[in-house]
Every structure is written in structure tokens, then in C-alpha cells.
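Have a look at the structure below, then the notes.
The values are calculated or read from the model by the stated rules, or taken from the named source; none is laboratory data. Please read these numbers as outputs of a predicted model, since none were measured by experiment. We place every Cβ from the backbone using ideal geometry, glycine too, and count neighbours over all the protein chains shown. Accessible surface is based on the protein model in full, side chains and every heavy atom, while ligands, DNA and RNA are left aside. Shrake-Rupley method; radii C 1.70, N 1.55, O 1.52, S 1.80 Å.
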Amino acid sequence: MRMKHVEHHVKTCHGSVSVVVYGDQEKPALITYPDVALNYMSCFQGLFLCPEAVSLLLHNFCIYHISPPGHEFGAAPVCSNDPSPSVEDLADQILEVLNFFSLEAVMCMGITAGAYILSLFAIKHKERVLGLILISPLCKAPSWSEWFYYKVVSNLLYYYGMSGLLKDIFLQRYFSKEARGSSEVPERDVVHECRRLLGERHGSSLMRFLEAVNRRHDLTDGLKSLKCRTLIFVGDQSPFHSETLHMVTALDRKYSALVEVQACGSMVTEEQPHAMLIPMEFFFMGFGLYRPGRVSDSPRSPLSPSCISPELLSPESLGLKLKPIKTRVPTKC
């Protein structure tokens, strides 16, 4: 991201949290929250480097990138004596961030664990959330096998820090097999850059966030009460694909839509960011937001007339039938 930005350190009841602000603070707010071991640069850079996404998002929003405690650039190691936050604590931090900036209702965008934190925040504070954009979200309590797997990862972090093995484990969480490469095919640049950024994380900070996520509770019942519009993306190779489908069945289909992206892992924002543009365009149109006309003549612009199908103007469709995205319309049992 090459746009001008300002970093704030907001003191909350559960510790200081870094918030990087991009854009005009007079505009509506869009807050982001990353997945485990990541921050806004390693989670959302691919999306925000798309000129079309910049014109769409920065035209309509001021962006507030929230980092989990200790995940911001240049963060010092967390003191081992500090109490570990819970997912409830992390969701409550978001409320304190909104109050610090005098923000009312906001748009939210989160990836996997970050999507869980934002969903929990939306359940607890419905009046403060305009809409949700969730990428490969978590919503259930961890299965025994997932809990045990990440407990082992947490122990490895404690004893060895961010080793090469742990980097590979986290990259499997984020990216498709094709993106990660093989002995014959090198990993893609986006994976290589994420690997480099993982090396900057302090094991103690990462371990605390991972343990909080590993103690999460099931949000299914709370999701049923959500009435804010929700757009969900998931890669068809995401380890959390089935959990995402479960989440969609829990949401009211009048307010939610699912976009499945082919040949993609969990981080659609990094691996296939262009797949998000047209669905987000129509999602924002439902809020009366739009893209500036000076970009609409681009052949890749989501607002090019040839890209618009009449059925997409329905508030409930949210751009579900656009290729090359494989889509699934949620059905209730």
C-alpha cells in the first residue's frame, strides 16, 4: 500500500492496539482484521494494490486496519506476565477503537480468525455494524482435532519461535497448493512475501492470539439474529471451506451471499483479489455507495456496462452469478 497513512496506538482495557488509518476520516469507516500471525500488510495488500479496489474502497471509505496485539510492524515481544486475551476481549477492543475515533456504524472486513472476531463483534454490537465482508470465516468452536493441532503449533512456537516448519504450516492455512508450489514449481511471489513477513512475528504475540482463537466458542445461534448484510468469500481449497458453508446456512439468506472462488485457498484477498471486485461492487451498491465514474471506462472495471447482468440488481443476489467465480446460493435445511 503506497497511500498516505497514519498509525495510532489505542489504549484499551485489554492492552494497546495498533490501528493504521488510510483515507479521509470524514468518509464512512471500513475496519479490517487479519488472520492469525498476519497484519494488514500480509492479509490485505493484494486487494488494496488493485487499482480498481483502491478506487472502489478509498472513494467510499476511510480504512481502519486493526492489528491483533503484538502483530503490528515493529511490535515488541509481549510480556509473558500479561494475561492472554480471549476472543471476547479482542471483540471488545474493537468497540473501544470505534469509540476512540468517534465512529458510529462501520463496514467490517475480516479473514478467517479475523472474520470470527468481527462476527462476534457484530453479534454483540449490532447497532455498530453496517455490513460484513468475511473471507474464509470461522464460526464454530474448534473440533478436537483442530484444537489439538494448533495446541501443538502453539507449543512449537513457545520452544522454537517462527521456524521454517511453522511457516509452512501457516502457509498451508492461507494458500492453495498451487500457490505454495512444489519441488518442480516455485511458490508464487505472494506466498514468498508472506513467508518473509511471518519471520517478523514474535512467537509470544502470535501464540497468544492463536490460543485465544483456539478457545473460541460457537457463534451459530448468534448468527441467526444478525440482520446486517453479509458477503462471504471462500476459496474452494480453503481448510475452512466446510465451516464457511455452515456459517452461510446459519445466516438469514435475505441478508447474506456466498462467493466461492475456484483454485484458491483461504486468503482470497492475496491469491485472487480480482475475484472480489464485482461482488463487492454490487454489495456496496446495496448501501447506495458507488465507484467514481472516471475509472468506469477501464475494461477491467466492475462498473463497465458489459459486466452488469440485470439479475444482479436484485438486493438478494449481490453479484453471485458472475464468472469466473464459482458460486453457491445458500439454502436452508
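Some observations on this one:
- Annotation: of all residues in the range 239-274 being surrounded by fewer than 24 Cβ atoms within 10 Å (Cβ to Cβ) and among the small types (Gly, Ala, Ser), the one that is nearest to Val191 (Cα to Cα) is Ala263.
- Taking first residues from the range 215-228 that are touching a residue at least 24 places away in the same chain (Cβ under 8 Å) and partners that are polar (S, T, N, Q) and surrounded by 19 or more Cβ atoms within 10 Å (Cβ to Cβ), the Cβ contacts under 6 Å between residues at least 6 apart in sequence or on separate chains come to Leu219/Ser119.
- Taking first residues from the range 251-268 that are free of Cβ contacts under 8 Å to residues at least 40 places away in the same chain and partners that are of a type in the set (Lys, Arg) and in a strand (DSSP E or B), the Cβ contacts under 6 Å between residues at least 6 apart in sequence or on separate chains come to Tyr255/Arg229.
- Only a single item in (1) surrounded by fewer than 24 Cβ atoms within 10 Å (Cβ to Cβ); (2) out of contact with any strand residue (DSSP E or B) (no Cβ under 8 Å at 6 or more places or on another chain) is not met by Arg128, and it is number (2).
- Scan of the range 160-209 for residues that are open to solvent by 50 Å² or more (accessible area, probe 1.4 Å) and under 19 Å from the mean Cα position of the chain (by Cα), ordered by number: Gln172, Glu193, Arg195
- Any chance Arg195 is within 19 Å of Tyr33 (Cβ to Cβ) and in contact (Cβ under 8 Å) with a residue 12 or more places away in the chain: no
- Being within 17 Å of Ile133 (Cβ to Cβ) and modelled with pLDDT under 95 is true of Gly23.
- Note on the range 114-134: residues that are assigned to a helix (DSSP H, G or I) and either over 8 Å from the mean Cα position of the chain (by Cα) or of a type in the set (S, T, N, Q) (or both) amount to 12.
- Per the conditions (1) part of a loop (DSSP other than H, G, I, E, B); (2) free of Cβ contacts under 8 Å to residues at least 40 places away in the same chain, the sole criterion not satisfied by Phe73 is (2).
- Lys140 in contact (Cβ under 8 Å) with a residue 40 or more places away in the chain, open to solvent by 50 Å² or more (accessible area, probe 1.4 Å) and closer than 20 Å to His241 by Cα: yes
- Residue within the range 288-305 that is crowded, with 21+ Cβ neighbours inside 10 Å and at pLDDT 90 or above present: no
- Inter-residue pairs, beta-carbon under 6 Å, first under 23 Å from Glu96 (Cα atoms) and in the range 52-64, second small (Gly, Ala, Ser) and open to solvent by 10 Å² or more (accessible area, probe 1.4 Å), 6+ apart: Cys62/Gly23; Ile63/Gly23
- Only listed residue being surrounded by 19 or more Cβ atoms within 10 Å (Cβ to Cβ) and over 19 Å from the mean Cα position of the chain (by Cα), chosen from Val10, Val6, Val78, Val17: Val78
- Screening the candidates Leu30, Leu38, Leu56, Leu90 for the property of being more than 25 Å from Leu120 (Cβ to Cβ), aliphatic (A, V, I, L, M) and either crowded, with 23+ Cβ neighbours inside 10 Å or touching a Cys at 6+ places or on another chain (Cβ under 9 Å) (or both) yields one hit, Leu56.
- Pair list, Cβ < 6 Å and 6+ apart or interchain, from the range 83-95 residues that are touching a residue at least 40 places away in the same chain (Cβ under 8 Å) to residues that are assigned to a loop (DSSP other than H, G, I, E, B) and open to solvent by less than 40 Å² (accessible area, probe 1.4 Å): Val87/Arg216
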